1. Classify segment A:278-434 as rounded, prolate or oblate, taking a ≥ b ≥ c as the square roots of the eigenvalues of its Cα gyration tensor: rounded when a/c is under 1.5, otherwise prolate if a/b is larger than b/c and oblate if not.
2. Could you give me the radius of gyration and the Dmax of segment A:95-135, taking only the C-alpha atoms into account and expressing both in angstrom?
3. When the accessible area of segment B:70-185 is computed with all protein chains present and a 1.4 Å probe, what percentage of it is carbon and sulfur?
4. Skipping prolines and chain starts, which residues have an amide H placed within reach, meaning under 5 Å, of the one on residue A:275, given they are 5 or more residues away or on another chain?
5. On a 25 Å Cα-Cα criterion, which of the cross-link pairs A:440/B:76; A:371/A:440; A:405/A:440; A:155/A:440; A:54/A:319; A:371/B:76 come out too long?
6. Have a look at segment B:69-88 and report residues whose accessible surface goes down by 20 Å² or more when the remaining protein chains are included, against the chain on its own, probe 1.4 Å, ligands and DNA/RNA excluded.
7. With everything on Cα atoms, drop me the angle between helix A:427-438 and the longest principal axis of chain A, reported from 0 to 90° to the nearest 10.
8. Just to be sure I understand: of the beta bridges DSSP finds with both ends in the protein assembly as shown, what percent are antiparallel, rounded to 5?
Amino acid sequence: MSNYFKAPLTRRQCLSLLAKAGSSSAVLGAAGIFGLTNTPVNASPVTLKPLQGKNRKVLILGAGISGLTAAYELERAGYHCTILEASHRIGGRVLTLRRGDFIDELGSPQICPFDDAPNLYFNAGAARIPAHHTGILHYCRTLGVELQLFSNHNKNCYTQDDAAFNGQPVRIREYEADMRGFIGELLAKSATSGAVLDQPFDEQDLDKFIQFAQAYGDLDSSLTYRGTDRAGYAAGGVTTAGILKQPRPLPELLRSDFCAGAMHFAEIADQAPALMTPSGGMDSIVKAFLRQLTTPVQLHCQVSNIQLQPQGVAITYLKQGESYTEQADYCLNCIPAQLVSGIENNLPADYVTIMRQLGRGKLTKIGLQAKQRFWEQEDIYSGISWTKQDITQIWYPHHDAFKAKGILLGAYSWEPQISDRFAAMTHQQRLATAIAQGTKVHANYAQHIENGVSVCWQRMNHMLGCGAVWPEELQKTGFQLLQAPAGNHYLMGDQLSMHPGWQEGAVRSAWHALADIERREALRSTGAQA
Amino acid sequence: MNKIWLVFMLLSSAVLADSKQPDAQYCLVCHGSAAQGNAAIKAPNLTILPDWYLRQQFIAFRNNWRGSATNDAHGKEMQAVANTMNDAEIEQAIAFIRRQAPVKLPISVNTTANVQHGQQLYQQCQACHGAQGEGNAQLHAPPLAGQHNWYLVQQLSAFKNGWRGNQNDDSYGQIMRQFAQSLPDEQAIADVVAYIDSLPSTQPLLRTSR
């Protein structure tokens, strides 16, 4: 092997190191909490048959994406909808924060302090849409939501890990180039030594394979990695010859956990480029639904009782301290299951038992207003830097380059323990922590940051969690039960999808419930028992 | 006569307004639609707890007697809320809780617990908490009967491991911590809770007038 390996390594050691580099599934599993790694197949949008004069009333509990989707489709088919929302706002976990917005976190209420400017917004909840999320994209297309490109992966961003490189941030470009060089060289030299693959593998295949390894790692003609311009030049490269950067020693690269997790984040089907996001903030989707709805969403309506009845559902709710009851043919319930379990009801006992066992997703996002777009001085436009500290990520805005100011994502953690630590802090302590930790990635971070918002989703009023956490066993035994209607009551939302935390899960859960209502209405019109 | 009637009307509507503050609805987000508790949030039944105890616990959260332990995520949730409330808001919240109609709680039986053993263990509890788990205002001991069994287990564990009753100025908490520490293991906690669970729920009692 080449002198690139500063420390002597045996083949066995190399392979075990390679195994470490490849053993990312556990880490990716955690990183993928915002969506499982399987890709949902395309679905046809639900089309409800018009009621044609029949009178059907539907109560929709919760004005997030699943509730809005259902209301839009039902209204178009002539159903009479009532939409009750417990909080002060519409959109659920589609939360785009701008100046003056109230953040209703239990015990830590805030008013968003950003300057009042169109480019200064923060998607504190849903933030990105993969191209295969055809359900939510169907509504973006048909309701006229303008989209921009969004990327999780930007090679000019940094990876920072106290365990490697003396804690200094390293460009993802350099880290990945060196890691691939090492893997490419290991592959190429293993292949030429002959003792590689079990399956039939002729000379031509072997030649192709070595070419692949060479291209993968950018190896020289002797199949040795000696650095690459993929990492960027140390100097020159435009009007003078470029000078390659010295590769980092492999053991040093492996001291960082980046290779065993975050480096592969954008390989996840739901996270891979190219992603999209609405121009001006994710709540453009909410606004697009509201433009279509004729029924107003009633805010501050906190459901206090759910009663299944022989022919429908009765819902009691509190509004400004007064109690009201409404009856309907159907109830589409988008309230987080962990809150439904505390609402008086006559739902089947096994149904409620499952809801009590669902975990509360613990996620924290912090948005920071920067008075200069200092990241542009470091050749960063969009993307994510990674650090092993609690803040985990820094996102740079994908929009409005060269404007005076910008909103960074200063922390995003989906690890429950980390989110607990942020939740235990005051808002000011959270900002101070985000700035202190961000300073390890950008040395003069503190002097650029003016103010910020922090959102701990497990503490947000009327939600108390982000994305239901289904224990694996419970999902096997309980998911279908909860997905099925109880009488004329349907539980909905991303919590009843294999994509918790994604708008796609919310849309598809609504379509699932609407398809069942359609089936029952068809049976009713033929006089059969629904 | 008319004047007296008018004053009475005004007073009662003021009380009504106090207990109907939309803010007090916050309580019901975690504690359930009738303050009956919610297992998914690990929020206790408030309807069985008398005013003095609710007040005492707001003070306990504010004083860091509850919610200060690093891993006590649920305690910290309530502590964050308590810290944002002033005295008047606490009284409004208590008044609001008092107005909630009692709700029948689901029965969850712990089949692995030994109720008889629990009854023996409970003998040391009843001096303060009463033979029927009805509580004792003079001794600052809350009612236990009618509380969710998972919450009682959680709190006994919290006293035992020092999340509660571990502060010098929390004298009642310290007393409770000693008793909790005398329960040797999880089984003992399960047993004594199973016995408390078997006691008929007493109505909210000892509503001390302030």
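1. Values: a/c = 2.97, a/b = 1.87, b/c = 1.59.
Prolate, since a/c reaches 1.5 and a/b exceeds b/c.
2. Cα-based Rg and Dmax for segment A:95-135 come out at 13.3, 38 Å.
3. Roughly 51 percent, rounded to a whole number.
4. The answer is A:150, A:152.
5. Violating the 25 Å limit, Cα to Cα: A:440/B:76; A:54/A:319; A:371/B:76.
6. Output list: B:73, B:76, B:77, B:80, B:81, B:84.
7. 20
8. Details: 52 of 70 bridges.
Expressed as a percentage, antiparallel bridges in the protein assembly as shown total about 75.
The values are calculated or read from the model by the stated rules, or taken from the named source; none is laboratory data. This one's a predicted model, so the numbers in the text were calculated from it and none came from an experiment. Please note: Cβ atoms are built from the backbone with ideal geometry, for glycine as well, and neighbour counts cover all protein chains shown. Ligands, DNA and RNA are stripped out before the accessible areas are found, and what is left, the full protein with its side chains, is counted by its heavy atoms. Shrake-Rupley method; radii C 1.70, N 1.55, O 1.52, S 1.80 Å.
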